[in-house]
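Report on one structure; see the data block that follows.
The values are calculated or read from the model by the stated rules, or taken from the named source; none is laboratory data. Every value quoted in this text rests on a predicted model; they were computed, and no experiment measured them. Cβ: placed from backbone, ideal geometry, glycine included. Neighbour counts: every protein chain shown. The protein model used for the area step is the full one, side chains on, heavy atoms only, and it has no ligands, DNA or RNA in it. Shrake-Rupley method; radii C 1.70, N 1.55, O 1.52, S 1.80 Å.
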Amino acid sequence: MLHFKTIIEPFRIKSVEAVKFTRREDRERALAEAGYNVFRLRAEDVLIDLLTDSGTGAMSAAQWGAIMQGDESYAGSRSFYRFRDVVQDLTGFRHIIPTHQGRAAERILFHSVLEEGDVVPNNNHFDTTRANVEVEDAEARDLVIPEGRVPSQIHPFKGNIDLAALERTLERDGARVPLVMVTVTNNTGGGQPVSLENLRGVRKLCDRHQKPFFLDACRFAENAYFIKTREEGQAGRTPKEIAREVFSLADGCTMSAKKDGLANIGGFLALNDETWADRCRNLLILTEGFPTYGGLAGYDLEAVARGLEEVVEEPYLRYRIRSTEYLHERLVAAGVPVIQPAGGHAVYIDARALLSHVPPLQYPGIALANALYVEAGIRGVEIGTVMFGLHPDGTESPGAMDLVRLAIPRRVYTQSHIDYVAEAVIGVAGMKDRLRGYRIRKAPAVLRHFTALFEPLAA
Ligand SMILES: Cc1ncc(COP(=O)(O)O)c(C=O)c1O
């Protein structure tokens, strides 16, 4: 019997979308017009778009088929019950509240349960999660393990929360902690997984201190696959069994179905506590919609329901994790500094290490992301000082890291696209000494990375 080493895409392509090839000078002009901020580019001027894995995936024929089954009734639609049943079967949570995307679930949860001065511990808050905590005048406290802060350090579960630090927070500031959160996988820290053992530890601490435990579950399936392949004793279980156990350890979750829901839009808040659920539903009605659609069309609920079933299939997860690892391996082999080991949904280039001549407050991540666009038409995103360096009091300091994230949309690009990306990154790394930093010309007070205007600094 043959044993194949090649892991192929577990799908064939039924429908294609052309990409547009542009010239270098066109891209230079487009970037200048965009204020040197890749978020402000027109997507059609991008050849390979690795800005995010959020909502950018290709849906399956089964999802498109399900879309035609969408029930658009305002209240009590059949599509809601199908969605609710799939989410409940997976998570076991009692109350399932659809939202238009992850940050809506965050806003509704935090606005309903946080008070001024509260503290929310997490391994690492994602940017919208942090912003939704801070807008309530509460503190978003990042407690990832020390290994998770060192890009070059290899650890199988670099997304783990530091249990000793969490315990100290609960002992010292427990009265101000309304809930504990853990993000799986840890996007801000490099798409790194959290182990089952660590999550069990969080559960124990939360029990001891009588705190609810919530997951930011955007990439729960990728996390489950890492547990299966990296954690002792888990290899024989299916990703779905592992995911179910992970959810069973928590009291609720926020979810962006734009990631492991394999949908282009959607999300949910799921939780066991009835009082909190009632409060959240009231706020949902105010800003999102009736609790059986939460800002989504019936057909969106169908697409998410089917996506949640497909995402835990093992051939999909094997291909998904391997294709990210493949790009990572190529960059490592060429000596490009990246967060080690490969994350689930993205490869993170350590721009601070690569562009050591560009100080953090001149935004090496922006310099590298912009060079990748100009040289190769590839769009990545800075995750660093621009995203995290501005504090609520208006002061600025270097972010913990300066990274450029190349997020891989689900089921969209083939291996040759990824080979092109590897060639481009290696080429740009070879011209690093020519790259210069940037200054910010104009920026809003929160979530500035989305809209800030930059200016290149002179050589
Ligand atoms: C870990 C994490 N939490 C929350 C969100 C927010 O989800 P959404 O973009 O659907 O609002 C994201 C999105 O990228 C994320 O990666």
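This table checks each residue for (1) farther than 24 Å from L403 by Cα; (2) not small (G, A, S).
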{"site": "F39", "(1), (2)": "no, yes"}
{"site": "R42", "(1), (2)": "no, yes"}
{"site": "Q63", "(1), (2)": "yes, yes"}
{"site": "A75", "(1), (2)": "yes, no"}
{"site": "R94", "(1), (2)": "yes, yes"}
{"site": "T99", "(1), (2)": "yes, yes"}
{"site": "V119", "(1), (2)": "yes, yes"}
{"site": "R130", "(1), (2)": "no, yes"}
{"site": "E134", "(1), (2)": "no, yes"}
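Among the residues of the range 105-151, those that are modelled with pLDDT of 95 or more and of a type in the set (G, A, S) comprise A105, S112, G117, A138, A140. The residues on offer are R320, R330, R352, and the sole one that is within 30 Å of G427 (Cα to Cα), of a type in the set (D, E, K, R) and within 17 Å of the chain's Cα centre (by Cα) is R320.
Could you please let me know if D85 is under 30 Å from E382 (Cβ atoms) and in a helix (DSSP H, G or I)? Even if it seems obvious, please write down each step before you answer.
Numbers: under 30 Å from E382 (Cβ atoms): no; in a helix (DSSP H, G or I): yes.
Criteria not met by D85.
Checking the condition among the aliphatic types (A, V, I, L, M), more than 14 Å from the ligand (Cβ to nearest atom), part of a loop (DSSP other than H, G, I, E, B) and under 21 Å from the mean Cα position of the chain (by Cα), which residue from A243, A270, A250 passes? Please lay out each step first, then the result.
Working: A243 fails: part of a loop (DSSP other than H, G, I, E, B); A270 fails: part of a loop (DSSP other than H, G, I, E, B).
Result of the check over A243, A270, A250: A250.
Is it the case that some residue within the range 304-320 is open to solvent by 40 Å² or more (accessible area, probe 1.4 Å), touching a residue at least 40 places away in the same chain (Cβ under 8 Å) and within 16 Å of the ligand (Cβ to nearest atom)? No, the range 304-320 has no match at all. Listed by position, the helices (runs of 4 or more DSSP H) contained in the range 155-239 that have at least 1 residues being among the hydroxyl-bearing types (S, T, Y) are 163-173, 220-230.
Going through the range 373-428 one residue at a time, which ones are more than 18 Å from the chain's Cα centre (by Cα) and closer than 23 Å to A32 by Cβ? Result: Y373, V374, E375, A376, G377, I378, A424, V425, G427, V428.
Against the numbered list (1) open to solvent by 30 Å² or more (accessible area, probe 1.4 Å); (2) touching a helix residue (DSSP H, G or I) at 6+ places or on another chain (Cβ under 8 Å); (3) under 18 Å from N186 (Cα atoms), I265 comes up short only at (3). Is it the case that the range 147-168 has a residue that's of a type in the set (S, T, Y) and within 27 Å of G117 (Cα to Cα)? No: zero hits. Restricting the first member to the range 238-256 and to residues that are open to solvent by 10 Å² or more (accessible area, probe 1.4 Å), and the second to residues that are more than 15 Å from the ligand (Cβ to nearest atom) and in a strand (DSSP E or B), the beta-carbon pairs closer than 9 Å and six or more apart or on different chains are L249/F213; D251/F213; D251/L271.
A search for C-beta distances below 6 Å between a residue of the range 36-58 that is closer than 16 Å to G377 by Cβ and any residue that is surrounded by fewer than 20 Cβ atoms within 10 Å (Cβ to Cβ) and among the basic types (K, R), counting only pairs 6+ apart in sequence or on different chains, returns E44/K20.
Residue check: G190 meets all listed conditions (1) modelled with pLDDT of 95 or more; (2) under 22 Å from the mean Cα position of the chain (by Cα); (3) at positive phi but one, namely (1). Considered as a group, the residues in the range 88-104 that are part of a loop (DSSP other than H, G, I, E, B) and within 17 Å of G266 (Cβ to Cβ) include one that is least open to solvent (accessible area, probe 1.4 Å), and that residue is F93. Pairs are defined by a Cβ separation below 6 Å, a sequence spacing of at least 6 or placement on different chains, a first member in the range 430-451 that is of a type in the set (S, T, Y), and a second member that is outside any loop (DSSP other than H, G, I, E, B); the pairs so defined are Y438/I366; Y438/F454; Y438/P456. Scanning the range 189-212 for residues that are within 16 Å of the ligand (Cβ to nearest atom) and among the hydrophobic types (A, V, I, L, M, F, W, C) gives V194, L199.
Against the condition farther than 20 Å from R279 by Cα, away from the ligand (no atom under 16 Å from the Cβ) and part of a helix (DSSP H, G or I), how does Y74 come out, does it pass? Outline the logic, then answer.
Values: farther than 20 Å from R279 by Cα: yes; away from the ligand (no atom under 16 Å from the Cβ): yes; part of a helix (DSSP H, G or I): no.
It is false that Y74 is farther than 20 Å from R279 by Cα, away from the ligand (no atom under 16 Å from the Cβ) and part of a helix (DSSP H, G or I).
If you take the residues of the range 105-122 that are among the β-branched types (V, I, T) and more than 16 Å from the ligand (Cβ to nearest atom), which of them is most open to solvent (accessible area, probe 1.4 Å)? Please lay out each step first, then the result.
Going residue by residue through the range 105-122, those that are among the β-branched types (V, I, T) are 108, 113, 119-120.
Those still in the list that are more than 16 Å from the ligand (Cβ to nearest atom) too: 113, 119.
Working: V113: 17, V119: 0 Å².
Out of the qualifying residues, it is V113.
At least 3 residues being open to solvent by 50 Å² or more (accessible area, probe 1.4 Å) is the threshold, and among the strands (runs of 3 or more DSSP E) wholly inside the range 348-459 those reaching it are 438-442.
Quick one: in the range 1-28, of everything that is in contact (Cβ under 8 Å) with a residue 40 or more places away in the chain and open to solvent by less than 100 Å² (accessible area, probe 1.4 Å), which residue is nearest to E313 (Cα to Cα)? Per the stated criteria, the residue is P10. When M181 is tested against (1) in contact (Cβ under 8 Å) with a residue 24 or more places away in the chain; (2) surrounded by fewer than 17 Cβ atoms within 10 Å (Cβ to Cβ), exactly one condition is not met: (2).
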